[in-house]
């Protein structure tokens, strides 16, 4: 994609067009000649609490932004167990100081 094509396509776009962000990112990657972002691979939801805490901790560490509970749940293949007790592993991480909760109730690593 050429810069003129990119600018012509996106010149009149406003910040409220959130539905178009994936197309914008895709076009920008083409323009910059870099690989397009790939969706994160889903992991199986772990059976034991220590494994769950470790899995969520790794998910938070791998993310560049703070995540909501729904964002975290979307990273795992089995959501049934997640729906039963999502707060417990998250509270454990916060209590241990390995995660923090932001003002908008999103979780991130305690860096």
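Data for the structure
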item: Members of the stretch 97-111 that are part of a strand (DSSP E or B) and modelled with pLDDT under 85; result: 107, 108, 109
item: Residues that are within 19 Å of residue 95 (Cβ to Cβ) and at pLDDT 85 or above, drawn from the stretch 29-47; result: none
item: In the stretch 58-96, residue nearest to residue 39 (Cα to Cα) [restricted to those that are out of contact with any helix residue (DSSP H, G or I) (no Cβ under 9 Å at 6 or more places or on another chain), part of a loop (DSSP other than H, G, I, E, B) and modelled with pLDDT under 85]; result: 74
item: Residue that is surrounded by the most Cβ atoms within 10 Å (Cβ to Cβ), among those in the stretch 60-73 that are closer than 15 Å to residue 87 by Cα and in contact with a strand residue (DSSP E or B) (Cβ under 9 Å, 6 or more places away or on another chain); result: 60
item: Meets criteria (surrounded by 12 or more Cβ atoms within 10 Å (Cβ to Cβ), over 16 Å from residue 89 (Cβ atoms) and either in contact with a helix residue (DSSP H, G or I) (Cβ under 9 Å, 6 or more places away or on another chain) or not assigned by TED's automatic domain parsing to the domain that holds residue 99 (or both)) for residue 13; result: yes
item: Candidate set: the stretch 19-57, residues that are over 17 Å from the mean Cα position of the chain (by Cα) and outside any helix (DSSP H, G or I); chosen: the one farthest from residue 107 (Cα to Cα); result: 33
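The values are calculated or read from the model by the stated rules, or taken from the named source; none is laboratory data. No experiment lies behind these values; they were computed from the predicted model shown. Glycine gets a Cβ as well: all are built from the backbone with ideal geometry, and neighbour counts include every protein chain shown.
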